[in-house]
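What follows is calculated from the coordinates using simple rules that are stated; it is not laboratory data. This structure is a prediction, so every number in the text was calculated from the model and none was measured. Note: ideal-geometry Cβ built from the backbone for every residue, glycine included; neighbour counts use all protein chains shown.
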Amino acid sequence: MTASSPLPAAAATAAPRVSHALAAFALALLLGLQPATTDIYLPALPLLTRELGAPMSAAQLTMSALILAFGVAQLFWGPVADRVGRRPVLIVGLVLYTAASIGSMLAGSIGWLVLWRVLQGATMAAAVVCARAIVRDLYEPHEGAQVMSLALSGLGVIAIAGPVLGGIVAAAWGWRSALGVVAAFGALTLAFVGWRLPETLRHRNRNATRAGPLLAQWWQIARHRTFIAWTLLVSFTYGGLFTILAGSSFVYIDVLGLSPGWYGLAMACGSLSYLVGTFICRRWILRHGIRGAVARGGVFTLAGGALGAGLALAGVQAVWAVLLPQCLFVLGHGIHQPCGQSGAVGPFPHAAGAASALAGFVLALTAFGIGVWLGQALDGTVLPYALGIGFWSLATTLVAWTLVQRHTL
């Protein structure tokens, strides 16, 4: 049996009718939970650190613990979604996510906040793993990358608005209000899924959650060279992005002296660059194919990382010296992410949930390690932050120019 062959215990249903526009909008909301959970919250991070009397390491844990829970939970939600369908997992996950977001808003200590953020990450995983699997349910990898790019353009709009909105509400009403916005976004996403999104899984796999077949399937997926190449690409480019997410508020606000509102605008500039990257991605996929798009995106990624690291090593500590390299890196991320998310699950049409979960787990482990490192490395200068982005830009570009080119059909 090959990785892409149907499983004998699969139960087939009628093919769903979902327009490109509806699919892209649904994916934008579901995948948008991730930047909403992190980006809206970013401007409030230094505020809650001071109000709750938390050390830097504990503040970073509110981000890194969320991402670790997000990664581990995908290993649960992915097989469940392959067995019972995408829609039931989405409904349950979004209900729990909204409840956890409300709990985060009401947390009375940093310990309780970390606990609620862990639950947020675990339930957010249901939305993200199903979103990636839905792309494979409906489309072949090349078309799926284009639809994913369209969806991530919508996600880019969320990412632009998130830090600006978070900065405004945090400055006006405190850090709890930013988490209240996150809860509202979860509730709206739940309402849309319940109202408009049909079931997309056509072949339910009754063996998907059995330990023996599941472990064998994961081993088969993990050894697939195409999966390895695209998963490393997505994990490394997200490593740079997570360095920005977890460290930027302290760099911009505490080191460079921006207010939460101005910090939100700075992050919105980066999100706008990401949006531009997704538009470029769609054009380059049509002209150069998925491998060609990623190879060209590596130029922006490497330029951003090298420029930021070079300026920091030269002792330049200014907003422009951090923001310009960040925008270049994030533009490249807007090219790598849609291609990588579609490419990682492409070889597994009948195990898209399991493949999506395994890829997400690797990504989350990468991000968790970065969060732990940042909690110790940030030293009141821009240097650790810039060098971290520089490292991940180099790793991303090497994978884009080597493994992806060799092991993609």
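Please state the charge dipole magnitude for the stretch 157-251, taken about the Cα centre, from unit charges on C-beta atoms (+1 on K and R, -1 on D and E), reported in debye and rounded to the nearest 20.
Values: 8 positive and 1 negative charges, 100 e Å.
Its charge dipole is roughly 480 debye.
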Take every Cα-Cα distance within the chain, group them into 20 Å bins from 0 onward, and report for each bin the whole-number percent of pairs it holds.
30, 60, 10, 0
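Given axes a ≥ b ≥ c from the Cα gyration tensor, I'd like to know whether the stretch 218-281 is rounded (a/c under 1.5), prolate (a/b larger than b/c) or oblate. Kindly include the intermediate steps, with their values, before the conclusion.
Values: a/c = 5.06, a/b = 2.14, b/c = 2.36.
Oblate, since a/c reaches 1.5 and b/c is not below a/b.
Is the stretch 67-164 best put as rounded, prolate or oblate by its Cα gyration tensor, with a ≥ b ≥ c the root eigenvalues, rounded for a/c under 1.5, and otherwise prolate when a/b is larger than b/c, oblate when not? Please report the intermediate quantities before stating the final value.
Working: a/c = 2.62, a/b = 1.46, b/c = 1.80.
In terms of gyration-tensor shape, oblate.
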Two-site label geometry, S259 and R210: point separation in nm, points 7 Å out along Cα→Cβ
6.2
Separation of the R283 and H203 label points, Cα + 7 Å toward Cβ, nm
3.8
Based on the Kirkwood radius over alpha-carbon pairs, what value in µm²/s does the Stokes-Einstein equation return for the translational diffusion coefficient of the stretch 187-247 at 4 °C and 1.567 mPa s?
84
Quick one: check the C-alpha center-to-center distance for the stretch 53-126 versus the stretch 369-390, whole angstrom.
24
Among the helices of the chain (complete DSSP H runs), which have Cα atoms covering no less than 18 Å along the helix axis and a Kyte-Doolittle mean of at least 0.0?
20-39, 56-84, 86-106, 110-138, 141-173, 175-196, 225-249, 260-313, 319-345, 352-377, 383-401
Cα-based equivalent ellipsoid of the stretch 313-409: semi-axis lengths in Å, sorted from largest, via gyration tensor:
31, 16, 11
Below 8 Å between Cα atoms, with a sequence gap of 6+, how large is the relative contact order for the chain in percent?
29
Roughly what would the spin-label model give for W320 and E143, points 7 Å off Cα along C-beta, in nm?
4.7
Counting sequence-distant residues (5 or more places) and residues on other chains, those with an amide H built under 5 Å from that of H203 are T13
Report Rg (one decimal) and Dmax (nearest whole number) for the stretch 116-165, counting Cα atoms only, units Å.
13.4, 38
All-pairs Cα distance distribution in the stretch 216-360, expressed in whole percent, bin size 10 Å
12, 36, 30, 17, 6, 0
